[in-house]
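Asker: Sharing a structure below in structure tokens format, with a few things to ask.
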Amino acid sequence: MPHSKTITIKHRGPVLLEQSPMAKRLNVSIKPTRGVRVAVPKGVSFRTAKKFLLTKIDWIKYHLDRIKKHEQQKSTQKLPPINRTKARLFLVNRLNQLSSHYGYNYNKVFIRNQRTRWGSCSVKNNINLNMNLVRLPEELIDYVILHELVHIKHKNHSKKFWEEMDKLVGDGKKMQRRMRGYRIG
């Protein structure tokens, strides 16, 4: 039996049936970029998987419609452009204020329009900040900047890293969870 098979469901499009050694039971998942997938456990036929899939058509339709609606909203919600000069000036000034106040010494700072990260700290203690930070509430801007400054002392997310973050921002993990509510760009 092949490891995967793509079938087309009328009015729903392609569905990937894929054998998965990790799957304990038949499972349908939908990802915006990958589409509909059925994880098929070892020993279960694709015929059985297709029958299972057909029982989930209403669930699939509901979630595909939600994804489509979300994508349409995203495409119509264009954010106003950021003034790069003002963003750079604001973020560099805030970085300097916080690093001076808490006694951190960084090497260089780069302000970029990144798609996946709010910030980072290199092994050479260069700080990278995403210019989209200026769209966030001030306490979250400070959280990201302090997060990267703490990486000057602690290069990973160890217990000591989070203890230091807690001293600076209260509950560091709580702030991290709040950041998950924001998307870049």
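All of the numbers you see were taken from the coordinates with simple rules; none came from a lab. These numbers were taken from a predicted model, which means no experiment stands behind them. Quick reminder, even Gly has a Cβ in these numbers, built from the backbone with ideal geometry, and neighbours come from all protein chains shown.
Asker: Could you work out [θ]222 nm for the chain from helices alone, using -39500 (n - 2.57) per DSSP H run of at least four and dividing by all its residues? Round to the nearest 500 deg cm²/dmol. All intermediate terms of the calculation are to be shown ahead of the outcome.
Answerer: Working: 6 runs with 84 residues, N = 185.
Helix-only estimate at 222 nm: -14500 deg cm²/dmol.
Asker: Which of V109, V44, V92 ends up with the largest GNM mean-square fluctuation for the chain, with Cα atoms connected below 10 Å?
Answerer: V44
Asker: Shifting gears a bit: Would you work out which of L64, L129, L140 lies farthest towards the positive end of the dipole of the chain, given +1 charges on the beta-carbon of Lys and Arg and -1 on that of Asp and Glu, about the Cα centre?
Answerer: The residue sitting farthest along the positive end of the dipole is L64.
Asker: Considering amide H positions built from the backbone, and no H for Pro or chain starts, which residues 5 or more places from I9, or on another chain, come under 5 Å of its amide H?
Answerer: Answer set, sorted by chain and number: V15.
Asker: List the residues, sorted by chain then number, that are 5 or more residues from F110 or on another chain and whose placed amide H is less than 5 Å from its amide H.
Answerer: I127, N128, L129
Asker: Here are some pairs, K86/K155; K108/K153; K31/K155; K86/K173; which of them have Cα atoms lying more than 21 Å apart in this structure?
Answerer: K86/K155; K31/K155; K86/K173
Asker: Could you tell me the distance between the Cα centroids of region 118-185 and region 1-21, to the nearest Å?
Answerer: Rounded to whole Å, the Cα centres lie 41 Å apart.
Asker: Here is a follow-up. So how tilted is helix 57-76 from the main axis of the chain? Cα-based, degrees 0 to 90, rounded to 10.
Answerer: For helix 57-76, the angle is close to 30 degrees.
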